[in-house]
Amino acid sequence: MDNALGIDSPGVPTLIIGNTALVGEDQIRDRLDDTIRQELASPTGNATAGSTSSGNCPGTASALTVPLVIVCAGIASINPCGLAVLAILLLSIIALQNRRQVLMVGLTYIAAVFLFYFISGLGFLSFVNISGTGISSLIAIAAAAVAIVLGLVNIVDALVRKDGYLLAIPESKKPLLERYIRTATLPAAFVLGVLVGIFELPCAGGIYLTILGLMSNTMTVTQGIPYLLLFNFIFILPLIIILLIVVFGIPPERVNTWRLSNRRLLRFAIGLAMVAVGLVILFVPTFS
């Protein structure tokens with residue numbers, strides 16, 4: 001029956017009514033009544049191969065679209081924490097090393113950030129997949145709520161505080177980061193990227209957690225990998241652009257000056273976007 005109905009990701013329990021398959025407790029609970037009414041109104045007879053709509057199969061990501069992933073990744077990518085560390089790193093090494101060395105150190109740092117977030121996302125999806133379908137909907141809702149809360153904190157930070165933002169790399173961790181910045185070797189740049197990935201979670205984690213929650217609610221780990229790759233590539237894209245701009249002409253001082261003069265605006269914009277994404281996922285029926 002799975003083959004006949006085109007179910008890519010079989011699961012238990014599965015309920016088949018006419019040509020419609022409901023896979024998993026969530027689909028059965030949410031759609032059973034409507035499915036029965038539709039079948040009574042227009043009986044379909046025996047099931048035939050390929051007759052199931054894509055929405056009947058788990059993991060088709062009907063709620064998670066590529067544009068949504070791109071928009072959310074773009075919002076997360078302009079977080080001030082990652083931009084700040086890269087700017088300081090480039091300031092530290094641009095006068096001491098040639099262009100090729102600066103490029104290699106910068107790319108190593110960016111690759112470490114990418115790998116940290118990609119592996120973390122993969123681990124999150126694997127955990128939810130092992131835990132079962134029941135937890136995925138709760139995680140999606142919780143992630144959206146977290147995004148709204150962190151977004152509001154960002155807005156308040158931008159409007160009220162002049163310095164010492166709540167959602168920032170902790171002051172206690174900055175000496176550790178500065179030690180690796182001063183070293184400026186490829187291994188040190190890689191370790192720095194991983195540490196920044198960990199410490200900047202308050203800055204960028206809300207949006208990422210929301211997307212991961214939505215992924216866990218609509219797809220398997222294997223189906224989520226392309227979305228994770230896309231999200232994290234968009235996430236590091238501003239870092240790549242800044243690195244190339246500095247390597248091929250613009251002094252890092254100008255980049256850092258722009259970052260400092262616009263960080264309040266960036267926080268405010270990120271906060272509004274996080275609240276908007278959270279509200280859409282919570283209240284727009286497509287995402288519930």
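The values are calculated or read from the model by the stated rules, or taken from the named source; none is laboratory data. Here the structure is a predicted model, which is why all the values come from computation and not from measurement. A quick note on method: Cβ atoms are made from the backbone with ideal geometry, for glycine too, and the neighbour counts reach across all protein chains shown. For accessibility, only protein heavy atoms count, side chains too; no ligands or nucleic acids. Shrake-Rupley method; radii C 1.70, N 1.55, O 1.52, S 1.80 Å.
Brief remarks on what is shown
- Per-residue extension of 0.36 nm, minus the Cα-Cα distance of residue 126 and residue 245, leaves a gain of 39.1 nm for this segment.
- Environment charge of residue 35, counting only residues whose C-beta is closer than 15 Å and scoring Lys/Arg +1, Asp/Glu -1: -3
- Between residue 36 and residue 185, the modelled labels are 6.9 nm apart [label points 7 Å from Cα along Cα→Cβ].
- Under the Karplus curve 6.51 cos²θ - 1.76 cosθ + 1.60, θ = phi - 60°, whole-Hz ³J(HN,Hα) for region 148-155, x wherever Gly or Pro sits: 5, 4, 5, x, 5, 5, 4, 5
- Annotation: residue 282 carries an accessible surface of approximately 60 Å², with a 1.4 Å probe and no ligand, DNA or RNA atoms counted.
- For residue 200, nonlocal amide neighbours, meaning residues 5 or more places apart or on other chains whose placed amide H falls under 5 Å from its own, do not occur.
- Site pair residue 261 and residue 152 shows an inter-label distance of 3.4 nm when each label is modelled 7 Å from Cα along Cα→Cβ.
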